[in-house]
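*Asks:* Take a look at this one; I'll ask things after.
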Amino acid sequence: MSSADENQPVCGALSGKTALVAASAKLMPELTAGLLALGADVIPATVLEAKEIKDNTALDRAIANINQYDWIIFTSAWGVSFFAERLPGSLNGAAIAPKICVIGSATAVTAEKRGFHIALTADEFTAEGVMQSMERYHGGVENLRGLGVLIPRALEAREFLPGALASAGCRVDVIPCYQTIRPEIDVELSARLRNETPDLIVFTSTKAMRNFLKTAAAAIGETAARRCLHEAAAAVIGPVTAGALESEGKSAEIIPAESTVTALLDAIADFFRPC
């Protein structure tokens, strides 16, 4: 191998390793491509899908009165997409009056594609990071009082951000615009779980982790699913998922400094890179 080749540390870091990716369909292609580039045998486990909620009355009402809000906070790319689908033809992302705040680069990309002008991206890609960024943007938590905030999000989600904003004196409307579901068990995934334990399991969210445990338990039994979880190295995309994994009795070996797919792949490469 040439010295030039030796300067490519991520190449082949996962050669001979099996990596199971428990993620949404939206994140799966990027993660799969990145892990394949590292030399992994990838087992895709799509454990999250999004679908529109049945009753959009509250969302449509909020959109009809959109100018009552100072901020719209998007906590996921799905939230952007499902919200944008409900906008009437006379209103698009660029015409929205409230400022736009997003969590994460993937959410930012989706928002920009939909024409939204982003005023604020959280420094840390968590609900806590959004709160801190909002406080800095307005020069202190005391200056948040009286602001109207709309959070279009999943039907089930963490309550930290709405609670923190309300405690700061904001008028907060949390409007579900989609729900996440666990897809049917994949036959190929079940077969692979029965026959092997992956060297690495990648979780992109708390919901993805919990859905994987349910899927694995249905496929191979709860005891075997727990053994699979504990024997593999676990990579998580952020501290919230790491905390949820800890509650299942498993510590994450790999947590990137930044909650992005790129940072996650880099952290995985660093973990498996030979000394």
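The values are calculated or read from the model by the stated rules, or taken from the named source; none is laboratory data. As the structure is a computational prediction, the values presented were derived from the model and not from experiment. Here Cβ is always computed from backbone atoms with ideal geometry, including for glycine, and neighbour counts include all displayed protein chains.
*Asks:* Do we find that Asp266 is among the charged types (D, E, K, R) and over 20 Å from the mean Cα position of the chain (by Cα) in this structure? Spell out how you get there, then give the answer.
*Replies:* Numbers: among the charged types (D, E, K, R): yes; over 20 Å from the mean Cα position of the chain (by Cα): no.
Here the answer is no, as Asp266 does not meet what is asked.
*Asks:* Hey, any hits in segment 14-28 for a residue that's at pLDDT below 90, within 25 Å of Val240 (Cα to Cα) and either surrounded by fewer than 17 Cβ atoms within 10 Å (Cβ to Cβ) or not assigned by TED's automatic domain parsing to the domain that holds Glu258 (or both)?
*Replies:* yes
*Asks:* Inside segment 145-169, can you point out the residues that are in contact (Cβ under 8 Å) with a residue 24 or more places away in the chain and more than 23 Å from Thr107 (Cα to Cα)?
*Replies:* Step one: filter segment 145-169 for residues in contact (Cβ under 8 Å) with a residue 24 or more places away in the chain, giving 145-158, 160-161, 164-165, 168-169.
Listed by number, the residues that qualify are Arg145, Gly146, Ala168, Gly169.
*Asks:* Sticking with this one: Identify the single condition in (1) in contact (Cβ under 8 Å) with a residue 24 or more places away in the chain; (2) in contact with a Leu (Cβ under 7 Å, 6 or more places away or on another chain); (3) crowded, with 21+ Cβ neighbours inside 10 Å that Thr215 does not satisfy, given that it satisfies every other one.
*Replies:* (2)
*Asks:* For Cys170, state whether it is in contact with a Pro (Cβ under 8 Å, 6 or more places away or on another chain), closer than 26 Å to Val80 by Cα and either in the same structural domain as Val80 (by TED's automatic domain parsing) or buried (at least 17 other Cβ atoms within 10 Å of the Cβ) (or both). Break it down into steps so the answer makes sense when it comes.
*Replies:* Numbers: in contact with a Pro (Cβ under 8 Å, 6 or more places away or on another chain): no; closer than 26 Å to Val80 by Cα: yes; either in the same structural domain as Val80 (by TED's automatic domain parsing) or buried (at least 17 other Cβ atoms within 10 Å of the Cβ) (or both): yes.
Against the criterion (in contact with a Pro (Cβ under 8 Å, 6 or more places away or on another chain), closer than 26 Å to Val80 by Cα and either in the same structural domain as Val80 (by TED's automatic domain parsing) or buried (at least 17 other Cβ atoms within 10 Å of the Cβ) (or both)), Cys170 does not qualify.
*Asks:* State whether the residues of segment 198-211 include one that is in a helix (DSSP H, G or I), assigned by TED's automatic domain parsing to the domain that holds Thr260 and either under 20 Å from Gly129 (Cα atoms) or over 21 Å from the mean Cα position of the chain (by Cα) (or both). Steps first, answer last, please.
*Replies:* Initial filter on segment 198-211 (in a helix (DSSP H, G or I)): 206-211.
Now restrict to residues that are assigned by TED's automatic domain parsing to the domain that holds Thr260: 206-211.
Restricting the remaining residues to those that are either under 20 Å from Gly129 (Cα atoms) or over 21 Å from the mean Cα position of the chain (by Cα) (or both) gives 206-207.
Yes, segment 198-211 has at least one match.
*Asks:* List the residue pairs whose Cβ atoms are under 8 Å apart, where the first residue sits in segment 251-273 and is outside any helix (DSSP H, G or I), the second is among the aromatic types (Phe, Trp, Tyr) and surrounded by fewer than 16 Cβ atoms within 10 Å (Cβ to Cβ), and the two are 6 or more positions apart or on different chains.
*Replies:* Listed by first residue and then by second, the contacts come to Glu253/Phe271; Ile254/Phe271.
Residues are listed down the side, and each one gets a yes or a no for (1) crowded, with 23+ Cβ neighbours inside 10 Å; (2) at pLDDT below 95; (3) hydroxyl-bearing (Ser, Thr, Tyr); (4) at negative phi:
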site	(1), (2), (3), (4)
Ile73	yes, no, no, yes
Ala106	no, yes, no, yes
His117	no, yes, no, yes
Thr121	no, yes, yes, yes
Glu124	no, yes, no, yes
Gly148	no, no, no, yes
